[in-house]
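Note sheet for the following structure.
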Amino acid sequence: RAQTTHNQLIKRRDRQTRMTEEEFHNWVAAYIEIYSGKEEFDEFHPQYWAIEKFVDLEADSPEICWAAVLIILRNNPDERVLANLAAGPLEELIELHGNDFIDRIEKESRSSPLFRSMLQGVWETTDEVIWNRVLKARLDS
C-alpha cells in the first residue's frame, strides 16, 4: 500500500483549517524540537505553543492533527517525541474521534512499524470497541 503522500496530508489539512503550509511546518518542527531536548521545560519554553496548538485543534480540527502526527512520525523522531505524541495528540485523537480515525489508524499500523510501536504509548480509551481495535492494531504486522 502506498503511504499517504505529504501533499495529500497538506490538502486534508487545508480543508480543515486556514493554517498556511509554512505555519503547519513550523508547528511540526516546533513540536519535534520541544520534545527532542533532554532538558525539562514549562509553558515559558519558546516552542511550547506547538503543544498548545494540538490542544486547540484536537476537538474541532482532527484532520490537521492527524496530518501533523503523520508528518512528525515521518521525521523519524526520537523516543521522547514518540512517547509524547502517543500519550498526547494521538491518544486524544482516538478518544475524541476514534470512530472516524480507527480505520486509518489500523491501516497506518499495518504499513508502519514505527506507528505501530508508537501505539504502545496510547492509554486506554473510554470506547471499548475502539480500544479493542487499537490493541489489535498494536499487534498487526
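Taking K and R as +1 and D and E as -1, what net charge do the other residues with C-beta under 15 Å from the C-beta of HIS45 add up to?
That works out to -3.
Only loop residues by DSSP count here, and only those with at most 13 other Cβ atoms within 10 Å; note down the trypsin sites (Lys or Arg not before Pro) in segment 42-81 that meet that.
In loop regions of segment 42-81 (DSSP not H, G, I, E or B), there are no sparsely surrounded trypsin sites (Lys or Arg not before Pro).
Just how much of SER36 is accessible, in Å², when a 1.4 Å probe is used and the result is rounded to the nearest 10?
50 Å²
Can you sort TRP131, TRP123, TRP49 by 1.4 Å-probe accessible area, starting with the largest?
TRP123, TRP49, TRP131
So what is the relative contact order for the chain, in percent, with contacts set as C-alpha pairs under 8 Å and at least six apart? Before the final figure, lay out the partial values.
Working: 132 pairs, mean separation 30.5, N = 141.
Rounded, it is 22 percent for the chain.
The values are calculated or read from the model by the stated rules, or taken from the named source; none is laboratory data. Quantities reported herein were computed from a predicted structural model and do not represent experimental measurements. With ideal geometry, Cβ positions are generated from the backbone for all residues, glycine too; neighbour counts draw on all protein chains shown. Accessible surface is based on the protein model in full, side chains and every heavy atom, while ligands, DNA and RNA are left aside. Shrake-Rupley method; radii C 1.70, N 1.55, O 1.52, S 1.80 Å.
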